[in-house]
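What follows is a set of notes on a single structure, which appears directly below.
FYI, it's all coordinate maths here, none of it is from the lab. All values derive from a computational prediction rather than experimental measurement. Here the Cβ is made from the backbone with ideal geometry for all residues, glycine too, and neighbour counts use every protein chain on show.
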Amino acid sequence: MSHIKGKNAIVTGAAVGLGNSYAKALAMAGANVAVCDVREEIETLPAELEALGVRSVGWRADVSNAEDVRRVVDGTLEAFGSIDMLVNNAGVWGASVADDDLDKTLEDYERIIGTNLKGEFLFGRAVIPVLLEQGKGGEIVNIATDHMVTCGAPNVICPNLPTCPWNNRDTPSFAFEGPPRPTGGGDIMDLYDASKWALNGFTFGWAKALRPHNIRVNAFCMGATDSYMLRSFNNFDPSPEEEASWMSAEDNAQALIDLLEEGPKGRTGENLNFCVGRPVKLEPPLAPIYIVQEDIDVVA
């Protein structure tokens, strides 16, 4: 029995990249999909999804704007009658450093924190009451970064794979021998990293609060994945070597489907690590580290 077919999902930031792959994978699995994005490409996506045999609606919307969030959630309920899944994917990247002047910092803060953290918060706050009122469980997947959860944080999950680029002891450019891989994106990403690290608070807090209602909350911690955002870092002309090192958005979308198909008895409160050098697939559940087991045990 599929836990996806016939269900209703919202995917934010679905115009391009990972969000687009998530929306298409859900549609191919039989879910009706509501999508939103600030990009104009979102306007043609519902027709593409409906061609896969499901219902779809879409909006140009800013996830950091509460009125836009209400419009998307209310519109999804009007179109589908219920909501079962939320994929909190919308995100932006921007360079920011500790000595940026205040004017630049405020602008960067509104854009980066507003999208990556406030956007996921607003959609969670809008959708969770719907899931609770429906009383039939649900799924929330927050999309984070491998800057936050890598083989080095927590290091107990490091598989020490030979495929990991940080496991090459003969490469002098690395400051240490083998894993753990360092966390964080470096000194030019303080706001980006802060926005993604803060998602732990939502993922773990929501998982604990919502488990009694059979609502699961997990996060995907994404590394370098072929996407619009990543290609933009390379002026849309990456070297063949760079491109070959990237993970596939379609493979990650399949991991999302596999996670959702676990159903209400599956894992919750877990950061799933997708960094370069690890298989792009759903790995077995990990024992909880940041929250205790009894907080996320399945309700009888």
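Quick look at the values:
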quantity	calculated
Cross-link reach list, lysines versus K281, counting only Cα pairs under 21 Å and skipping chain neighbours closer than eight places	K5, K24, K265
D251 versus R55: modelled label distance in nm, points set 7 Å from Cα along the beta carbon direction	3.6
Cβ-derived FRET efficiency at R0 51 Å, I188 paired with D258, nearest 0.05	0.90
Integer Hz, Karplus 6.51/-1.76/1.60 couplings in order for the stretch 136-145, x for Gly and Pro	10, x, x, 9, 10, 10, 8, 9, 10, 9
Sorted peptide list for 129-138, 262-271, criterion being average Cβ within 10 angstrom, highest first	262-271, 129-138
Contour minus Cα-Cα distance for Q134 and L77 (0.36 nm per residue)	19.4 nm
